[in-house]
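The values are calculated or read from the model by the stated rules, or taken from the named source; none is laboratory data. None of the values given here were measured: they were computed from a predicted structure. Ideal geometry is used to build each Cβ from the backbone, glycine not excepted, and the neighbour counts take in all protein chains shown. The accessibility values were calculated without ligands, DNA or RNA, using every heavy atom of the protein model including side chains. Shrake-Rupley method; radii C 1.70, N 1.55, O 1.52, S 1.80 Å.
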Amino acid sequence: MKHIVSGIQPTGSLNLGTYLGSIRNFVKLQDTFPEHHFMLFIADLHAITIPRDRLELRKTIRELAALYLACGLRQERLSLFIQSEIPAHSQVAHLLQCFTYIGELERMTQFKEKARRQETGVSAALFTYPVLMAGDILLYDAEYVPVGEDQTQHLELTRDIAERVNSRLGAVFTVPKLLTPKVGARIMSLTEPAQKMSKSDPNEKSRILLLDPEPVIRKRIMSAVTDSDTHVRFDKENKPGISNLLAILSALTDIPIETLEQQHAHSTYATFKQHVADTVVEALRPIQARYQALIQDPELDAFLDAGRDYAAKVAMRKVAKLNHKLGLGRKG
Ligand code: AMP
Ligand code: TRP
(Lines give C-alpha, C1' and ligand atoms only; values in the text may rest on other atoms or scores of the structure.)
(Ligands and ions follow the chains in the order given, each with its own letter.)
Protein backbone atom coordinates (compact mmCIF):
# COMPACT_ATOMS: atom_id res chain seq x y z
CA MET A 1 0.00 0.00 0.00
CA LYS A 2 1.36 3.43 -0.93
CA HIS A 3 1.14 5.97 1.85
CA ILE A 4 0.81 9.72 2.15
CA VAL A 5 1.71 10.83 5.67
CA SER A 6 1.32 14.08 7.56
CA GLY A 7 0.89 15.35 11.09
CA ILE A 8 -0.18 18.43 12.97
CA GLN A 9 0.75 19.33 16.52
CA PRO A 10 -2.12 19.65 19.01
CA THR A 11 -1.00 23.03 20.27
CA GLY A 12 -3.58 25.78 20.39
CA SER A 13 -6.65 25.87 18.21
CA LEU A 14 -6.29 25.39 14.48
CA ASN A 15 -5.95 28.57 12.49
CA LEU A 16 -6.57 29.49 8.90
CA GLY A 17 -2.84 29.14 8.07
CA THR A 18 -2.74 25.51 9.16
CA TYR A 19 -6.02 24.84 7.38
CA LEU A 20 -4.92 26.33 4.06
CA GLY A 21 -1.30 25.18 4.24
CA SER A 22 -2.05 21.69 5.40
CA ILE A 23 -5.53 20.22 5.99
CA ARG A 24 -7.25 21.63 2.93
CA ASN A 25 -4.44 20.24 0.87
CA PHE A 26 -5.06 16.73 2.26
CA VAL A 27 -8.69 16.94 1.23
CA LYS A 28 -7.72 17.78 -2.36
CA LEU A 29 -4.99 15.16 -2.40
CA GLN A 30 -7.52 12.45 -1.66
CA ASP A 31 -8.78 13.09 -5.20
CA THR A 32 -5.37 13.61 -6.78
CA PHE A 33 -4.03 10.31 -5.43
CA PRO A 34 -6.89 7.83 -5.61
CA GLU A 35 -4.55 4.86 -5.11
CA HIS A 36 -2.84 6.03 -1.93
CA HIS A 37 -3.78 5.43 1.68
CA PHE A 38 -3.65 8.60 3.81
CA MET A 39 -2.13 8.46 7.27
CA LEU A 40 -2.76 11.61 9.25
CA PHE A 41 -1.86 11.91 12.86
CA ILE A 42 -1.96 14.22 15.80
CA ALA A 43 1.64 14.86 16.76
CA ASP A 44 1.26 14.94 20.54
CA LEU A 45 4.79 13.65 21.17
CA HIS A 46 6.03 16.65 19.22
CA ALA A 47 3.85 18.99 21.25
CA ILE A 48 5.46 18.05 24.58
CA THR A 49 8.94 19.10 23.41
CA ILE A 50 7.77 22.36 24.97
CA PRO A 51 6.02 22.09 28.39
CA ARG A 52 2.21 21.88 28.05
CA ASP A 53 -0.71 21.84 30.45
CA ARG A 54 -2.02 18.25 30.46
CA LEU A 55 -5.74 19.04 30.44
CA GLU A 56 -5.30 21.59 27.70
CA LEU A 57 -3.28 19.11 25.64
CA ARG A 58 -5.89 16.37 26.00
CA LYS A 59 -8.66 18.73 24.97
CA THR A 60 -6.73 19.94 21.93
CA ILE A 61 -5.97 16.40 20.75
CA ARG A 62 -9.66 15.58 20.55
CA GLU A 63 -10.54 18.93 19.05
CA LEU A 64 -7.95 18.44 16.34
CA ALA A 65 -9.19 14.93 15.54
CA ALA A 66 -12.74 16.24 15.10
CA LEU A 67 -11.55 19.20 13.06
CA TYR A 68 -9.53 17.03 10.70
CA LEU A 69 -12.70 15.15 9.80
CA ALA A 70 -14.90 18.25 9.87
CA CYS A 71 -12.70 19.80 7.19
CA GLY A 72 -14.05 17.32 4.69
CA LEU A 73 -11.62 14.40 4.71
CA ARG A 74 -13.37 11.28 3.51
CA GLN A 75 -13.01 8.31 5.80
CA GLU A 76 -12.21 5.74 3.14
CA ARG A 77 -8.49 5.26 2.51
CA LEU A 78 -7.77 7.33 5.61
CA SER A 79 -6.20 6.36 8.93
CA LEU A 80 -6.40 9.09 11.53
CA PHE A 81 -4.46 8.39 14.69
CA ILE A 82 -2.75 9.83 17.73
CA GLN A 83 1.03 9.59 17.57
CA SER A 84 1.62 8.64 21.22
CA GLU A 85 -0.72 5.64 20.90
CA ILE A 86 1.86 4.00 18.62
CA PRO A 87 4.99 3.18 20.68
CA ALA A 88 6.97 2.63 17.47
CA HIS A 89 7.24 6.40 16.98
CA SER A 90 9.34 6.76 20.13
CA GLN A 91 11.31 3.60 19.34
CA VAL A 92 12.27 4.58 15.82
CA ALA A 93 13.25 8.07 16.97
CA HIS A 94 16.07 6.61 19.04
CA LEU A 95 17.21 4.34 16.23
CA LEU A 96 17.28 7.24 13.77
CA GLN A 97 19.18 9.45 16.21
CA CYS A 98 22.03 7.00 15.73
CA PHE A 99 22.04 8.07 12.06
CA THR A 100 21.77 11.82 12.61
CA TYR A 101 24.60 14.26 13.24
CA ILE A 102 24.47 17.00 15.85
CA GLY A 103 25.62 19.47 13.20
CA GLU A 104 22.58 18.69 11.07
CA LEU A 105 20.21 19.39 13.95
CA GLU A 106 22.04 22.58 14.87
CA ARG A 107 21.28 23.95 11.42
CA MET A 108 17.49 23.59 11.78
CA THR A 109 16.02 27.08 11.65
CA GLN A 110 12.84 26.06 13.47
CA PHE A 111 14.88 24.76 16.39
CA LYS A 112 16.87 27.99 16.54
CA GLU A 113 13.70 30.07 16.49
CA LYS A 114 11.87 27.99 19.09
CA ALA A 115 14.93 27.79 21.35
CA ARG A 116 15.28 31.55 21.22
CA ARG A 117 11.65 32.01 22.31
CA GLN A 118 11.94 29.51 25.19
CA GLU A 119 12.11 31.32 28.51
CA THR A 120 12.95 28.31 30.65
CA GLY A 121 15.44 25.59 29.59
CA VAL A 122 15.48 24.23 26.06
CA SER A 123 14.74 20.48 26.18
CA ALA A 124 16.92 17.94 24.41
CA ALA A 125 13.71 16.75 22.75
CA LEU A 126 13.22 20.12 21.10
CA PHE A 127 16.65 19.62 19.57
CA THR A 128 15.90 16.09 18.35
CA TYR A 129 12.36 16.99 17.23
CA PRO A 130 13.26 16.65 13.52
CA VAL A 131 14.43 13.07 14.08
CA LEU A 132 11.11 12.16 15.71
CA MET A 133 9.46 13.70 12.67
CA ALA A 134 11.68 11.71 10.30
CA GLY A 135 10.54 8.56 12.11
CA ASP A 136 6.86 9.53 11.71
CA ILE A 137 7.38 9.59 7.98
CA LEU A 138 9.79 6.72 7.45
CA LEU A 139 7.86 4.23 9.61
CA TYR A 140 5.13 4.18 7.00
CA ASP A 141 7.27 4.37 3.87
CA ALA A 142 5.51 7.60 2.96
CA GLU A 143 5.83 8.40 -0.71
CA TYR A 144 4.58 11.97 -0.24
CA VAL A 145 4.45 14.30 2.74
CA PRO A 146 2.07 17.24 2.37
CA VAL A 147 3.18 20.09 4.62
CA GLY A 148 3.45 23.88 4.61
CA GLU A 149 6.62 25.60 3.48
CA ASP A 150 8.01 25.91 7.02
CA GLN A 151 8.61 22.14 7.11
CA THR A 152 10.82 21.96 4.00
CA GLN A 153 14.05 21.79 5.95
CA HIS A 154 12.73 19.01 8.19
CA LEU A 155 11.73 17.02 5.16
CA GLU A 156 15.14 17.46 3.55
CA LEU A 157 16.71 16.08 6.72
CA THR A 158 14.27 13.15 6.66
CA ARG A 159 15.37 12.34 3.13
CA ASP A 160 19.06 12.55 4.11
CA ILE A 161 18.50 10.22 7.07
CA ALA A 162 16.57 7.74 4.91
CA GLU A 163 19.31 7.68 2.30
CA ARG A 164 21.99 7.26 4.95
CA VAL A 165 20.19 4.31 6.56
CA ASN A 166 19.59 2.72 3.17
CA SER A 167 23.20 3.06 2.16
CA ARG A 168 24.47 1.59 5.43
CA LEU A 169 21.89 -1.16 5.97
CA GLY A 170 20.40 -1.84 2.56
CA ALA A 171 16.95 -0.80 1.40
CA VAL A 172 14.93 -0.16 4.56
CA PHE A 173 13.06 3.08 3.89
CA THR A 174 11.25 4.78 1.05
CA VAL A 175 12.76 8.24 0.47
CA PRO A 176 9.76 10.60 0.76
CA LYS A 177 8.89 13.58 -1.41
CA LEU A 178 7.61 16.95 -0.24
CA LEU A 179 4.21 18.21 -1.39
CA THR A 180 3.53 21.89 -0.67
CA PRO A 181 0.37 23.61 -1.89
CA LYS A 182 0.83 26.17 -4.70
CA VAL A 183 -1.09 28.86 -2.86
CA GLY A 184 -1.61 28.85 0.86
CA ALA A 185 1.77 27.33 1.67
CA ARG A 186 2.54 30.34 3.80
CA ILE A 187 -0.37 32.35 5.13
CA MET A 188 0.85 35.45 6.93
CA SER A 189 -0.18 37.20 10.13
CA LEU A 190 -3.07 39.66 9.77
CA THR A 191 -1.33 42.20 11.97
CA GLU A 192 2.29 41.73 10.89
CA PRO A 193 2.13 40.36 7.36
CA ALA A 194 5.89 39.83 7.20
CA GLN A 195 5.49 36.95 9.68
CA LYS A 196 3.60 33.70 9.20
CA MET A 197 0.18 33.29 10.81
CA SER A 198 0.99 31.27 13.89
CA LYS A 199 -0.82 29.77 16.83
CA SER A 200 1.99 30.90 19.09
CA ASP A 201 1.71 34.60 18.21
CA PRO A 202 0.73 36.39 21.45
CA ASN A 203 -1.48 38.79 19.48
CA GLU A 204 -4.84 37.06 18.91
CA LYS A 205 -5.75 39.56 16.21
CA SER A 206 -2.98 38.15 14.04
CA ARG A 207 -4.95 35.01 13.22
CA ILE A 208 -8.33 33.52 12.48
CA LEU A 209 -9.18 30.29 14.28
CA LEU A 210 -11.30 27.75 12.44
CA LEU A 211 -13.78 27.79 15.31
CA ASP A 212 -13.96 31.58 15.69
CA PRO A 213 -17.50 32.99 15.63
CA GLU A 214 -18.54 34.91 12.52
CA PRO A 215 -18.33 38.44 14.01
CA VAL A 216 -14.77 37.78 15.18
CA ILE A 217 -13.73 36.53 11.73
CA ARG A 218 -15.21 39.60 10.07
CA LYS A 219 -13.58 41.96 12.53
CA ARG A 220 -10.15 40.37 12.13
CA ILE A 221 -10.24 40.60 8.35
CA MET A 222 -11.69 44.09 8.19
CA SER A 223 -8.92 45.31 10.50
CA ALA A 224 -6.10 43.36 8.81
CA VAL A 225 -3.03 45.52 8.25
CA THR A 226 -2.64 46.65 4.62
CA ASP A 227 -0.83 49.64 3.08
CA SER A 228 -1.47 53.24 2.09
CA ASP A 229 -1.78 52.46 -1.62
CA THR A 230 -5.29 51.86 -3.03
CA HIS A 231 -4.78 49.05 -5.55
CA VAL A 232 -5.63 45.44 -4.92
CA ARG A 233 -2.48 43.94 -6.39
CA PHE A 234 -0.27 40.97 -5.50
CA ASP A 235 3.14 42.24 -4.51
CA LYS A 236 4.53 40.37 -1.52
CA GLU A 237 7.43 42.73 -1.06
CA ASN A 238 5.66 46.09 -1.09
CA LYS A 239 2.08 45.05 -0.29
CA PRO A 240 2.38 42.04 2.04
CA GLY A 241 -1.00 42.57 3.72
CA ILE A 242 -3.06 42.77 0.52
CA SER A 243 -1.01 39.93 -1.01
CA ASN A 244 -1.81 37.76 1.99
CA LEU A 245 -5.54 38.46 1.69
CA LEU A 246 -5.33 37.63 -2.03
CA ALA A 247 -3.56 34.36 -1.20
CA ILE A 248 -6.25 33.48 1.36
CA LEU A 249 -9.01 34.26 -1.14
CA SER A 250 -7.30 32.32 -3.91
CA ALA A 251 -6.64 29.30 -1.70
CA LEU A 252 -10.27 29.20 -0.55
CA THR A 253 -11.89 29.69 -3.96
CA ASP A 254 -9.31 28.02 -6.22
CA ILE A 255 -9.45 31.16 -8.38
CA PRO A 256 -5.98 32.23 -9.59
CA ILE A 257 -4.58 35.39 -8.01
CA GLU A 258 -4.39 37.19 -11.38
CA THR A 259 -8.12 36.67 -11.92
CA LEU A 260 -8.87 37.99 -8.45
CA GLU A 261 -6.70 41.05 -9.15
CA GLN A 262 -8.75 41.74 -12.29
CA GLN A 263 -12.04 41.24 -10.45
CA HIS A 264 -10.96 43.75 -7.84
CA ALA A 265 -9.22 46.22 -10.16
CA HIS A 266 -11.70 48.93 -9.18
CA SER A 267 -12.52 47.82 -5.63
CA THR A 268 -11.64 49.84 -2.59
CA TYR A 269 -9.74 47.98 0.13
CA ALA A 270 -12.92 47.97 2.22
CA THR A 271 -14.94 46.25 -0.54
CA PHE A 272 -12.15 43.79 -1.16
CA LYS A 273 -11.85 42.95 2.53
CA GLN A 274 -15.61 42.51 2.73
CA HIS A 275 -15.36 39.93 -0.05
CA VAL A 276 -12.53 38.12 1.73
CA ALA A 277 -14.50 38.13 4.99
CA ASP A 278 -17.64 36.74 3.28
CA THR A 279 -15.60 34.01 1.62
CA VAL A 280 -13.84 32.95 4.84
CA VAL A 281 -17.13 32.92 6.78
CA GLU A 282 -18.84 30.82 4.10
CA ALA A 283 -15.91 28.39 3.94
CA LEU A 284 -15.77 27.90 7.70
CA ARG A 285 -19.52 27.67 8.36
CA PRO A 286 -19.95 24.01 7.25
CA ILE A 287 -16.70 23.02 8.98
CA GLN A 288 -17.91 24.50 12.26
CA ALA A 289 -21.29 22.75 11.96
CA ARG A 290 -19.70 19.35 11.26
CA TYR A 291 -17.24 19.89 14.09
CA GLN A 292 -20.03 20.45 16.64
CA ALA A 293 -21.63 17.14 15.62
CA LEU A 294 -18.38 15.15 15.53
CA ILE A 295 -16.87 16.29 18.81
CA GLN A 296 -19.64 14.55 20.78
CA ASP A 297 -19.89 11.49 18.55
CA PRO A 298 -18.52 8.15 19.86
CA GLU A 299 -17.85 7.31 16.21
CA LEU A 300 -14.88 9.65 16.44
CA ASP A 301 -13.23 7.32 18.97
CA ALA A 302 -14.05 4.27 16.89
CA PHE A 303 -12.37 5.91 13.91
CA LEU A 304 -9.30 6.81 15.97
CA ASP A 305 -9.11 3.21 17.27
CA ALA A 306 -9.18 1.84 13.73
CA GLY A 307 -6.50 4.34 12.67
CA ARG A 308 -4.32 3.34 15.61
CA ASP A 309 -4.65 -0.37 14.84
CA TYR A 310 -3.70 0.04 11.19
CA ALA A 311 -0.78 2.36 11.95
CA ALA A 312 0.53 0.14 14.76
CA LYS A 313 0.68 -2.88 12.49
CA VAL A 314 2.62 -1.12 9.74
CA ALA A 315 4.92 0.64 12.19
CA MET A 316 5.73 -2.45 14.25
CA ARG A 317 6.82 -4.33 11.15
CA LYS A 318 9.16 -1.50 10.18
CA VAL A 319 10.77 -1.31 13.62
CA ALA A 320 11.27 -5.09 13.63
CA LYS A 321 12.99 -4.87 10.25
CA LEU A 322 15.24 -2.07 11.40
CA ASN A 323 16.12 -3.86 14.66
CA HIS A 324 17.03 -6.92 12.65
CA LYS A 325 19.19 -5.00 10.18
CA LEU A 326 20.99 -3.31 13.07
CA GLY A 327 21.67 -6.60 14.84
CA LEU A 328 19.69 -5.69 17.94
CA GLY A 329 18.40 -8.34 20.33
CA ARG A 330 18.35 -12.02 19.41
CA LYS A 331 17.82 -13.48 16.01
CA GLY A 332 14.15 -14.47 15.82
P1 AMP B 1 1.83 22.99 13.08
O2 AMP B 1 0.55 23.62 13.46
O3 AMP B 1 3.01 23.85 13.34
O4 AMP B 1 1.95 21.58 13.57
O5 AMP B 1 1.73 22.90 11.50
C6 AMP B 1 0.82 22.05 10.87
C7 AMP B 1 0.91 22.19 9.37
O8 AMP B 1 0.40 23.47 8.96
C9 AMP B 1 2.31 22.11 8.78
O10 AMP B 1 2.25 21.42 7.55
C11 AMP B 1 2.69 23.55 8.57
O12 AMP B 1 3.60 23.68 7.52
C13 AMP B 1 1.35 24.17 8.21
N14 AMP B 1 1.26 25.60 8.58
C15 AMP B 1 1.36 26.14 9.83
N16 AMP B 1 1.24 27.49 9.81
C17 AMP B 1 1.04 27.82 8.49
C18 AMP B 1 0.85 29.08 7.80
N19 AMP B 1 0.81 30.25 8.42
N20 AMP B 1 0.68 29.01 6.45
C21 AMP B 1 0.69 27.84 5.80
N22 AMP B 1 0.88 26.64 6.39
C23 AMP B 1 1.06 26.61 7.72
N1 TRP C 1 6.63 19.25 12.55
C2 TRP C 1 5.35 19.38 11.92
C3 TRP C 1 4.84 20.81 12.16
O4 TRP C 1 5.15 21.44 13.12
C5 TRP C 1 4.35 18.38 12.42
C6 TRP C 1 4.78 17.00 12.10
C7 TRP C 1 5.31 16.10 12.98
C8 TRP C 1 4.74 16.36 10.83
N9 TRP C 1 5.59 14.93 12.33
C10 TRP C 1 5.27 15.06 11.03
C11 TRP C 1 4.32 16.75 9.56
C12 TRP C 1 5.39 14.15 9.97
C13 TRP C 1 4.45 15.84 8.51
C14 TRP C 1 4.97 14.55 8.71
O15 TRP C 1 4.11 21.29 11.36
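Below 8 Å, C-alpha to C-alpha, sequence gap of six or more: please give me the relative contact order for the range 145-304 in percent. Each step should come with its number before you reach the end.
Details: 167 pairs, mean separation 29.0, N = 160.
Taking the mean separation of contacting Cα pairs over the length of the range 145-304, I get 18 percent.
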*Rounded to the nearest 0.05, what FRET efficiency is calculated for LYS321 and ARG52 with R0 set to 30 Å and r the Cβ-Cβ distance?*
0.35
*Loop GluC sites (Glu not before Pro), the range 1-94 (other Cβ atoms within 10 Å of the site Cβ: 13 or fewer; DSSP)*: GLU35, GLU76
*Sulfur and carbon atoms: percent of accessible area, the chain [1.4 Å]*: 53
*Sites matching GluC sites (Glu not before Pro) across the range 114-171 that sit in DSSP coil, with at most 14 neighbouring C-beta atoms within 10 Å*: GLU119
*asked:* Could you compute how fast the chain diffuses translationally, taking Rh as the Kirkwood radius over C-alpha pairs and applying Stokes-Einstein at 25 °C with viscosity 0.890 mPa s? Give it in µm² per second.
replied: 117
_Residues of the range 72-221: accessible area per residue with a 1.4 Å probe, Å²_ = 46
*Among the aspartates and glutamates, select those whose C-alpha is under 13 Å from the C-alpha of LYS182, and discard any that sit fewer than 8 residues away in the same chain.*
GLU149, ASP254
_Extension gain from SER90 to ARG74, taking 0.36 nm per residue of separation minus the Cα-Cα distance_ = 2.9 nm
_Relative contact order of the chain, defined on C-alpha pairs under 8 angstrom at six or more residues apart (%)_ = 23
_At 222 nm, what value in deg cm²/dmol follows for the chain if DSSP H runs of at least 4 each add -39500 (n - 2.57) and the sum is divided by all its residues, to the nearest 500?_
-16500 deg cm²/dmol
*Structure shown: which of LYS199/LYS239; LYS2/LYS112; LYS112/LYS321 lie over 25 Å apart, alpha-carbon to alpha-carbon?*
LYS2/LYS112; LYS112/LYS321
